Amino acid sequence: MNPCIALEQVTVRAGDKTLVEGVTFSVQPGEFLALIGPNGAGKSTLLQAILGLRDIAEGQLLVDGCDARSLAGRQRAEILGWLPQKGHVDEAVPVIDLVESGRFRFDESRASARKAATTALESLGVDHLAERAMNTLSGGEAQRVNLAILQAQESRVLLLDEPANHLDPAQQIRTYSALGAEWQKGRAVVCVTHDINLLQHIAAIAPDKEIRIVGLNAGQVAFDSNLGDKKLATRLSDLFGVQVSALSHDGGLHFAVTGGGQ
């Protein structure tokens, strides 16, 4: 099976500063990969490079076998859906119209686009916001609408940068459960997260599938493992410079910081 995303010794620079250096990994169709690491580790930069929004200085980066920058707009939207860390709309655009815009790659009627947009809003529990202006929403409401846009787009690969940002605990769980449902449909997911425990809500939906964890530090891959790795607590401790302990809870492992760093 050919990877949907392939990075080989990818280096990204901004001026004289190296943001990502020599990163190699691939993502297979239907795979869930979580990118974790300290602030400034290069996680968001990697997502932007995959999207073709950042030039790579060295190495090779292919999306569906092609350079992402060579893809036409509709073609890229069919392969890649992106939820940035900070998505903001200043205009008074109705929510339902904005979610419908995620369907731009489809040749379909307005009624069909409206139905798909409504379904996406319902699945994330924000259909009551359909007629609200996007610029009147709270940060949490806007984040869930942005997820609905991504869902309506129906891309083969979802790229998410801290998708539970601004959300309360109940909505964080609902969001990650929704991601698990998308993964179960066969979509590949690359998700930047600072809370590895939220991944357990995805694991509960697909207990027979493996969630891959790639740790980044100072722009380089520190480890490539999975959520069930017995050494994951030690790897997390080394990655973040704090003491992380694995605690058994409800049939799975949860991770807690039990000691401070330097």
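Under the 0.36 nm per residue contour assumption, what length would be gained going from the current alpha-carbon distance of ASP224 and GLU122 to full extension?
Contour length minus the Cα-Cα distance gives 33.2 nm.
Apply 1/(1 + (r/R0)^6) to the Cβ-Cβ distance of MET1 and ILE205, taking R0 = 25 Å, and write down the FRET efficiency to the nearest 0.05.
0.65
Where in segment 15-50 does the label zone of HIS254 land, with the point 7 angstrom along Cα→C-beta and an amide N cut-off under 15 Å?
Answer for segment 15-50: none.
Compute the separation of the alpha-carbon centres of segment 105-184 and segment 203-244 and state it in Å as a whole number.
27
Whole number in Å², please: accessible area per residue of the chain, 1.4 Å probe, ligands, DNA and RNA not counted. Provide the component values of the computation, followed by the final result.
Working: 12330 Å² over 262 residues.
The answer is 47 Å² per residue.
Hey, with R₀ at 22 Å, roughly what FRET efficiency would ALA72 and GLN184 work out to, going by the Cβ-Cβ distance, to 0.05? Write out the running numbers ahead of the final one.
Numbers: r = 29 Å, r/R0 = 1.33.
The value I calculate is 0.15.
Express the carbon and sulfur contribution to the solvent-accessible surface of the chain as a percent, rounded to the nearest whole number, probe 1.4 angstrom.
The nonpolar share, carbon plus sulfur, comes to 47 percent.
Summing Lys, Arg as +1 and Asp, Glu as -1, what charge do residues with Cβ under 15 Å from the Cβ of ALA170 carry, ALA170 excluded?
So the surrounding residues net to -1.
Do any GluC sites (Glu not before Pro) in segment 114-178 lie in a loop, going by DSSP, with at most 13 other beta-carbon atoms within 10 Å of their beta carbon, and if so which?
Filter output for segment 114-178: GLU131.
Counting only other residues whose beta carbon sits under 15 Å from that of PRO3, what net charge do I get with K and R as +1, D and E as -1?
In short, -2.
Report the extension gain between LEU247 and HIS194 in nm, rounded to one decimal, defined as 0.36 nm multiplied by the number of residues separating them, less their alpha carbon distance.
Numbers: separation 53, 0.36 × 53 = 19.08 nm, distance 1.77 nm.
Extra length available between LEU247 and HIS194 comes to 17.3 nm.
Which one, GLN243, ALA204, GLY139, is farthest towards the positive end of the dipole of the chain when Lys and Arg carry +1 and Asp and Glu -1 on their Cβ?
ALA204
(1) 7, 31, 37, 22, 3, 0; (2) 7, 32, 37, 19, 5, 0; (3) 7, 29, 35, 23, 6, 0: which one is P(r) over Cα pairs in 10 Å bins from 0, in percent as calculated from this entry?
(3)
What number comes out for the charge environment of ALA133, summing +1 per Lys or Arg and -1 per Asp or Glu over other residues with Cβ under 12 Å away?
Value of the local net charge: -4.
Looking at the chain as a GNM with Cα springs under 10 Å, which of ASP67, ASP55, ASP208 has the largest mean-square fluctuation?
Between ASP67, ASP55, ASP208, it is ASP208 that shows the largest mean-square fluctuation.
Nearest 500 deg cm²/dmol is fine: what mean residue ellipticity at 222 nm does the chain get from its DSSP H runs of n ≥ 4 alone, each adding -39,500 (n - 2.57), divided by its residue count?
So the helix-based figure for the chain works out to -9500 deg cm²/dmol.
The values are calculated or read from the model by the stated rules, or taken from the named source; none is laboratory data. All values derive from a computational prediction rather than experimental measurement. Every residue, glycine as well, gets a Cβ built from its backbone with ideal geometry; the counts of neighbours run over all protein chains shown. When the accessible area is computed, the model is the full protein with side chains, heavy atoms only, and any ligands, DNA or RNA have been set aside. Shrake-Rupley method; radii C 1.70, N 1.55, O 1.52, S 1.80 Å.
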